[in-house]
Amino acid sequence: MKLYVHWLEMTGLISTDDIATITDSLNIPESLLKTFITTKGTTVCTFETGEESESVRINIPEEGYGRVTLRGGFFDAFPAQSIRDFKDFMYSRKGNCLRLDVSFKDTSGYLNFEDYFRMSRLDNYLDYLVGSTVVCRKRKIREVPDSNNRQGVPDLHANHRLIHYGDANAKQFAKFYQCPDGINKFEITLKDKAQAKVLLNAYDISNMNAFNELAKGALVKAINFITPVSKRGKRPVQIESYRKFLGSEVKPIKWTEHCPEKQRLNKLESLLKFREKIFKQLWSCIPMFDIPEHDIEALLLEVKMRLVSQEAVV
């Protein structure tokens, strides 16, 4: 498998004085940039690789956050180019990652497009697919899915040998398609800033093991292919070709383990839901049992006293 970044879009508090730093971090001659200024005063610099007219685009407004987009053509033209210095510089300028694409190219020939097309068909895809980009099995599909609103159903493009998993405007989606050279590949797109930062923080061209393992976990989190027998037995076992493609059995990434901020938010959300449930039960009991006001006060006091005594024990 060949695993590599294939799209990167980042923002940051950058100015025209930083253009040289950005181009230097990407090993692009600044003299090859095409520069113009829009009617709104935004400075735009583009770099052309031959495959795309805008393989690199730098947008720098007069005020606020600028944006740098590295498209697929840039990574295709310069596969050995590291993005470490670039992403470190953007993060140092209070930046964020708006989009990160990671490609997983099947250079060993384990994946057969027709097999995965068949597993992704509407009539039987639930027998083989799990992940955040496919429909929840407990939810009924009320409308006919289409390219703009897939509702968790794979969008098949037989003529283009392309399968979309997940909505294009979602925080995470995946694609499986055949490249012009005939090799099949999966690609995931992350638009969640925290998730993208987890992967980018692990990016180190001198040792990509951590990045590769996290990226594989992110792929399996988005789309995983399992045997129908294992699903019924609640034992998610990856099908043989997918497991060989990944190199081993890979478990879905648990983003909260890598994002402490999200862990705290999840706990807070759970606490708020729990509190709402408790209050609903309490208010429903008051008229049901005709509890007088002084008993309500006594109940609240007892709760408070128990909390105090619990803190004393701790």
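The numbers here are math on the coordinates, done by the rules we state, and not lab data. Since the model is a prediction, treat every value here as computed from it, not as a measurement. Quick reminder, even Gly has a Cβ in these numbers, built from the backbone with ideal geometry, and neighbours come from all protein chains shown.
Here are some notes:
- Exposure proxy ranking for V220, V102, based on other Cβ atoms within 10 angstrom of each Cβ and starting from the fewest, stands as V220, V102.
- Karplus-based coupling profile of segment 72-81, in residue order and whole Hz: x, x, 5, 6, 5, 6, 10, x, 8, 6, with θ = phi - 60° in 6.51 cos²θ - 1.76 cosθ + 1.60 and x standing for Gly or Pro.
- Euclidean distance of C-alpha centroids, segment 156-176 and segment 98-133, integer Å: 9 Å
- The chain: relative contact order as a whole-number percent, Cα under 8 Å and 6+ apart: 15 percent
- Partner aspartates and glutamates whose Cα lies under 20 Å from the Cα of K191, excluding those fewer than 8 positions away in the same chain, are identified as E9, D88, D101, D155, D167, E213, E257, E261.
- Under a 5 Å amide H cut-off, with hydrogens placed 1.01 Å from N, R99 pairs with E9 among residues at least 5 apart or on other chains.
- Legend: calculated FRET efficiency, A77 to N169, from the Cβ-Cβ distance at R0 = 22 Å, rounded to 0.05, equals 0.20.
- Distant-in-sequence amide H partners of G152 (H built 1.01 Å from N, under 5 Å): G166, D167
- Computed about its Cα centre, the charge dipole of the chain is approximately 1180 debye, with only Lys, Arg, Asp and Glu carrying charge at their Cβ.
- Net length available on complete extension from Y110 to F279 is 55.3 nm, with 0.36 nm assigned per residue and the Cα-Cα distance removed.
- Summing charges over neighbours of N96, with a neighbour being any other residue whose Cβ is under 9 Å away from its Cβ, gives +3 when K and R count +1 and D and E count -1.
- Protection proxy ranking, peptides 57-64, 292-299, average beta carbon neighbours within 10 Å, highest first: 57-64, 292-299
- Above-threshold pairs, the threshold being 27 Å between Cα atoms, out of K197/K273; K34/K105; K34/K87; K87/K254; K193/K273; K171/K216: K197/K273; K34/K105
- Choice from S284, S55, S92 with maximal GNM fluctuation in the chain (Cα, 10 Å cutoff): S284
- Label-to-label distance, nm, for residues given as N96 and A298 (7 Å Cα→Cβ offset): 5.2 nm
- Likely footprinting exposure, K254, K216, K193, K40, fewest C-beta neighbours within 10 Å first: K40, K254, K193, K216
- Karplus-based coupling profile of segment 176-185, in residue order and whole Hz: 10, 7, 9, 6, x, 7, x, 8, 7, 8, with θ = phi - 60° in 6.51 cos²θ - 1.76 cosθ + 1.60 and x standing for Gly or Pro.
- Dipole magnitude for segment 1-160: about 800 debye, using +1 per Lys or Arg Cβ and -1 per Asp or Glu Cβ, origin at the Cα centre.
- Mean separation of Cα contacts under 8 Å, 6 or more apart, over the residue count of segment 5-93: relative contact order %: 36 percent
- Centre separation in Å (Cα based) which lies between segment 40-68 and segment 1-37: 8 Å
- Residues W283, W7, ranked from the fewest to the most other C-beta atoms within 10 Å, line up as W283, W7.
- For percent of Cα pairs over 33 Å apart, calculated from these coordinates, the label among [x] 27; [y] 42; [z] 19: [y]
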